[in-house]
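Participant: Got a structure for you, questions after.
The values are calculated or read from the model by the stated rules, or taken from the named source; none is laboratory data. From a predicted model like this one, the values you see are computed outputs, not experimental measurements. Cβ placement follows ideal geometry from the backbone for every residue including glycine, while neighbour counts extend to all protein chains displayed.
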Amino acid sequence: MKKLLSIIFLSFFSMSANADDQQTFVFNNLQGDFTTCYSYYLLSEEGFKKSGSANDETIAGLNKSADLSLESVFMIGQQLGMNTDTMRNRVKTSFESMKKEMGEDYKNFSVVLDKYGIFCKDLIEKTDDRVLFWEDKFK
């Protein structure tokens with residue numbers, strides 16, 4: 001994952017100056033995606049712990065995905081020149097929004113799971129596909 005993000009960042013910096021707007025667009029949106037997924041993985045971990053329906057391996061996987069998402073949020077934010085407080089606020093806003101989506105009740109966690117589960121799994125596993133998605137949206 002780190003290697004992939006590094007390659008993506010380097011490929012953007014090797015482009016001409018005319019690509020700055022596209023780079024900013026892609027990075028902003030990609031950071032938003034990772035922010036959403038960080039919130040999703042945190043809520044998932046807590047939800048599965050509360051329900052007692054997940055084993056230690058599942059919890060560890062959710063924790064790892066949350067860590068990768070948060071690391072990506074901050075790596076991309078640094079590339080965008082964002083300060084740490086702005087990034088933290090973006091994460092907090094995303095987390096609160098997602099909690100509202102489930103009515104702040106883990107009994108309604110399936111709402112969040114259905115909406116974000118596959119998206120976040122794909123974002124972690126296929127980041128390059130999401131970069132291409134945002135590049136195409138820019139055109």
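Participant: Among the residues of segment 85-99, is any over 30 Å from Q22 (Cβ atoms) and part of a helix (DSSP H, G or I)?
Facilitator: Residues of segment 85-99 over 30 Å from Q22 (Cβ atoms): 96, 99.
Cutting the leftovers down to part of a helix (DSSP H, G or I) gives us 96, 99.
So far as segment 85-99 goes, yes, one or more of its residues are over 30 Å from Q22 (Cβ atoms) and part of a helix (DSSP H, G or I).
Participant: Something else about it: Taking into account only those residues within segment 62-84 that are free of Cβ contacts under 8 Å to residues at least 24 places away in the same chain and either of a type in the set (D, E, K, R) or assigned to a helix (DSSP H, G or I) (or both), which is farthest from F48 (Cα to Cα)?
Facilitator: Q78
Participant: In this structure, does L70 turn out to be exposed (fewer than 13 other Cβ atoms within 10 Å of the Cβ) and at pLDDT 90 or above? Full working, then the answer.
Facilitator: On the way: exposed (fewer than 13 other Cβ atoms within 10 Å of the Cβ): no; at pLDDT 90 or above: yes.
Considered against the rule, which asks whether it is exposed (fewer than 13 other Cβ atoms within 10 Å of the Cβ) and at pLDDT 90 or above, L70 comes out as no.
Participant: I'd like the full set of residues that are of a type in the set (A, V, I, L, M) and surrounded by fewer than 22 Cβ atoms within 10 Å (Cβ to Cβ), limited to segment 33-61.
Facilitator: Listed by number, the residues that qualify are L42, A54, I59, A60.
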